[in-house]
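Quick one: this structure, given as structure tokens, is what I'll be asking you about.
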Amino acid sequence: MNQPTPSLAQPTPASFYGLGIAPHILETLTKMKFQTPTPIQQKAIPLAVSGQDVIGVAQTGTGKTLAFGIPMIQRLAQTKGRGLILIPTRELAYQVHQSLHKLDPKLKFAILIGGASMHNQIQELRQHPRILIATPGRLIDHMEQRYVFLNEISILVLDEADRMLDMGFAPQIQKILRVIPKERQTMLFSATMPEAIMKIATSQMKLPVHIEIARSGTVAEKITQEVFVVKKEAKRDLLKKVLTQYHGTILIFSRTKIGAYKITRAIREMGQNAAEIHADRSLAQRREALEGFKSGKYRILVATDIAARGIDVKGIELVLNYDLPDDSENYIHRIGRTGRIGDKGHAISFATPDQGKDLKDIEKLMRMAIPVSEHPEMPLESLIEYKSQKVASFGGRRFGRGGRSRGFISAAFRKSR
């Protein structure tokens with residue numbers, strides 16, 4: 001007697017249903033065309049809606065805002081209290097607000113950030129908002145002037161906590177934590193998790209569940225990377241070549257404010273439309289630049305690391321590190337602006353011949369090597385500083401003239417033997 005052939009069960013696609021999300025929020029997610037949760041959302045939301053403390057580590061662009069936003073909105077609808085979201089930059093504050101406001105347009109928010117009108121923020125606070133989205137410095141300004149009291153905070157989120165510590169917010173964060181009720185839910189999310197963050201977690205959280213979707217420092221799978229070794233004086237010529245090769249939206253990072261200004265001016269002289277975001281720009285100018293970048297008014301946005309965590313723009317084709325960052329962890333956050341939520345993305349970095357150690361530190365953090373390339377339209381002499389016999393050593397590698405391909409990039413290096 002023939003036995004029936006067993007059917008191969010197909011895995012059921014992940015869904016927001018079954019994560020403990022309230023029906024009205026599920027309806028909103030459906031209207032927003034969110035159908036499949038990201039891994040960090042799938043693992044964090046059920047724990048967070050049950051009230052547990054959560055530490056979430058995942059690459060940038062993987063949906064961490066909804067991972068803490070959905071549970072916060074749902075729990076505040078069920079209980080008294082307020083939510084507080086601490087974030088490092090003004091841009092990120094607006095991004096978080098936009099995402100959460102869509103989930104519940106009737107919910108009252110107050111955005112407390114530097115560079116914005118204190119008067120307007122005081123008016124928002126007088127409306128008794130359920131959720132405060134704040135940078136640490138401005139929140140303390142309101143605390144000291146007694147415009148805001150944190151005794152009703154029942155849910156605390158530290159978003160991009162490692163960046164806040166990098167920016168010197170540790171004393172302010174500790175000051176804020178001292179006045180928030182200890183009986184609260186705390187959620188901490190970031191793409192990297194240094195030792196300093198773990199100390200905060202162990203001292204300020206109650207048996208937190210640690211969720212690590214990717215090891216700290218991991219880059220999204222669909223982001224391809226390459227680095228050009230280029231003399232400082234040849235960077236601008238190489239930039240011009242790259243900008244003519246890529247036709248989509250481009251985000252360029254500069255190490256300094258004056259550098260961002262000069263790069264933007266040079267790009268405009270090349271006939272390209274570009275905007276800039278850095279600390280010397282007013283809040284209104286920064287918002288106009290970001291909104292113009294989103295709408296397509298500006299194809300190119302030039303930014304310092306102040307924007308590395310605050311830009312959530314879909315479809316960025318290329319992230320270009322005109323300068324390598326001071327901190328290797330910022331490299332992860334910079335290139336995470338492309339390849340968002342499973343999309344493909346590409347990152348190019350310019351490194352000067354004396355930056356081999358900086359590149360090694362980035363590669364060590366990512367646990368992977370970045371391919372070194374040359375541009376077919378740029379003389380090799382301008383890309384690589386030669387040593388003996390027209391061969392240069394950079395970061396433990398050796399480069400020669402051979403191996404050019406017809407495409408944009410050619411493999412121009414040989415591993416040392």
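The values are calculated or read from the model by the stated rules, or taken from the named source; none is laboratory data. Worth saying up front: this structure is predicted, and the values here are computed from it rather than measured. A quick note on method: Cβ atoms are made from the backbone with ideal geometry, for glycine too, and the neighbour counts reach across all protein chains shown.
With the condition being under 19 Å from Phe228 (Cβ atoms) and touching a residue at least 12 places away in the same chain (Cβ under 8 Å), I'd like the strands (runs of 3 or more DSSP E) fully within the stretch 244-359 carrying at least 2 qualifying residues.
Counting at least 2 such residues, we get 249-253, 300-303, 316-321, 345-351.
Being assigned to a helix (DSSP H, G or I) and without any contact (Cβ under 8 Å) to a residue 12 or more places away in the chain is the filter here; which residues of the stretch 141-183 pass it?
Glu144, Pro171, Gln174, Arg178 - these are the residues of the stretch 141-183 that are assigned to a helix (DSSP H, G or I) and without any contact (Cβ under 8 Å) to a residue 12 or more places away in the chain.
Does Thr186 satisfy being in contact (Cβ under 8 Å) with a residue 60 or more places away in the chain, of a type in the set (S, T, N, Q) and not in a loop (DSSP other than H, G, I, E, B)?
Spelling it out, Thr186 is indeed in contact (Cβ under 8 Å) with a residue 60 or more places away in the chain, of a type in the set (S, T, N, Q) and not in a loop (DSSP other than H, G, I, E, B).
Table: residues versus (1) under 28 Å from Gly168 (Cβ atoms); (2) of a type in the set (Asp, Glu); (3) modelled with pLDDT under 95.
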site: Met1; (1), (2), (3): no, no, yes
site: Tyr17; (1), (2), (3): no, no, yes
site: Lys64; (1), (2), (3): yes, no, yes
site: Gly83; (1), (2), (3): yes, no, no
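Go through Met167, Met193, Met198 for me and flag whichever is aliphatic (A, V, I, L, M), surrounded by fewer than 17 Cβ atoms within 10 Å (Cβ to Cβ) and over 23 Å from Arg82 (Cβ atoms).
After ruling out the rest, the residue left standing is Met198.
Limited to the stretch 241-267, what total is found for residues that are among the charged types (D, E, K, R) and either modelled with pLDDT of 95 or more or touching a Cys at 6+ places or on another chain (Cβ under 8 Å) (or both)?
Total meeting the criteria: 2.
Take the residues in the stretch 149-175 that are modelled with pLDDT of 95 or more and β-branched (Val, Ile, Thr); name whichever of them is farthest from Val96 (Cα to Cα).
My answer is Ile153.
Further question on the same structure: Within the stretch 197-230, count every residue that is at pLDDT 75 or above and not in a helix (DSSP H, G or I).
Within the stretch 197-230, residues that are at pLDDT 75 or above and not in a helix (DSSP H, G or I) number 18.
Sticking with this structure for a sec: When the residues of the stretch 223-270 are narrowed to those that are small (Gly, Ala, Ser) and more than 14 Å from Asp323 (Cα to Cα), which ends up surrounded by the fewest Cβ atoms within 10 Å (Cβ to Cβ)?
Among residues in the stretch 223-270 that are small (Gly, Ala, Ser) and more than 14 Å from Asp323 (Cα to Cα), the one surrounded by the fewest Cβ atoms within 10 Å (Cβ to Cβ) is Gly248.
Separate question: Is it fair to say Pro136 is surrounded by fewer than 16 Cβ atoms within 10 Å (Cβ to Cβ) and either in contact (Cβ under 8 Å) with a residue 24 or more places away in the chain or not basic (Lys, Arg) (or both)?
No.
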